[in-house]
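First comes the structure, then the notes that go with it.
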Amino acid sequence: MKIVECLSDLEYADRPLSLMWQGRRYEIAEILARWRGPGEKGFRVKTIDGSAFELMYQEFSDDWHVQPIYI
C-alpha cells in the first residue's frame, strides 16, 4: 500500500492526491506550500476533512514521510 498517491507529470511526485495516516486514507483538497531541497520534495497539504500534513519525499531512497501539523 502506498503512503502517498500522487500525480506525476514531468517527474515523480509532482502533485500529491491522497495520503495514508494511521490506517486511514485522506484525500488532499489543497496544496498550501511546496519546496524542494537536495534530493527531496516537500509539501504542506490540507485534506478534505480540514486536517493538515507535511509530506516529504526522499528521492534517493524513494521514501515518503508523513507528519500531521496544526495550522
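Select from segment 9-46 the residues that are within 19 Å of Ile71 (Cα to Cα) and either touching a Pro at 6+ places or on another chain (Cβ under 8 Å) or among the acidic types (Asp, Glu) (or both) and write down the one among them that is surrounded by the most Cβ atoms within 10 Å (Cβ to Cβ).
Val45
Out of the residues in segment 47-71 that are without any contact (Cβ under 8 Å) to a residue 40 or more places away in the chain and aromatic (Phe, Trp, Tyr), state the one that is surrounded by the most Cβ atoms within 10 Å (Cβ to Cβ).
Among those residues, the one meeting the criterion is Phe53.
Starting from residues that are assigned to a loop (DSSP other than H, G, I, E, B) and acidic (Asp, Glu), keep the ones in segment 57-71 and report whichever is farthest from Ile3 (Cα to Cα).
Kept after step one, since they are assigned to a loop (DSSP other than H, G, I, E, B), are these residues of segment 57-71: 59-62, 70-71.
So of that shortlist, the ones also acidic (Asp, Glu) come out as 59, 62.
Values: Glu59: 15, Asp62: 11 Å.
Filtering segment 57-71 for residues that are assigned to a loop (DSSP other than H, G, I, E, B) and acidic (Asp, Glu), the one farthest from Ile3 (Cα to Cα) comes out as Glu59.
Which pairs do you get when a residue that is outside any strand (DSSP E or B), found in segment 17-42, comes within reach of a residue that is among the hydroxyl-bearing types (Ser, Thr, Tyr), reach meaning Cβ atoms under 9 angstrom, with the pair 6+ apart or on two chains?
Listed by first residue and then by second, the contacts come to Gly39/Ser61.
None of the figures in this text is laboratory data; all of them are computed from the coordinates on show. This one's a predicted model, so the numbers in the text were calculated from it and none came from an experiment. Methodologically, a virtual Cβ is constructed for each residue, glycine included, from the backbone with ideal geometry; neighbour enumeration extends over all protein chains shown.
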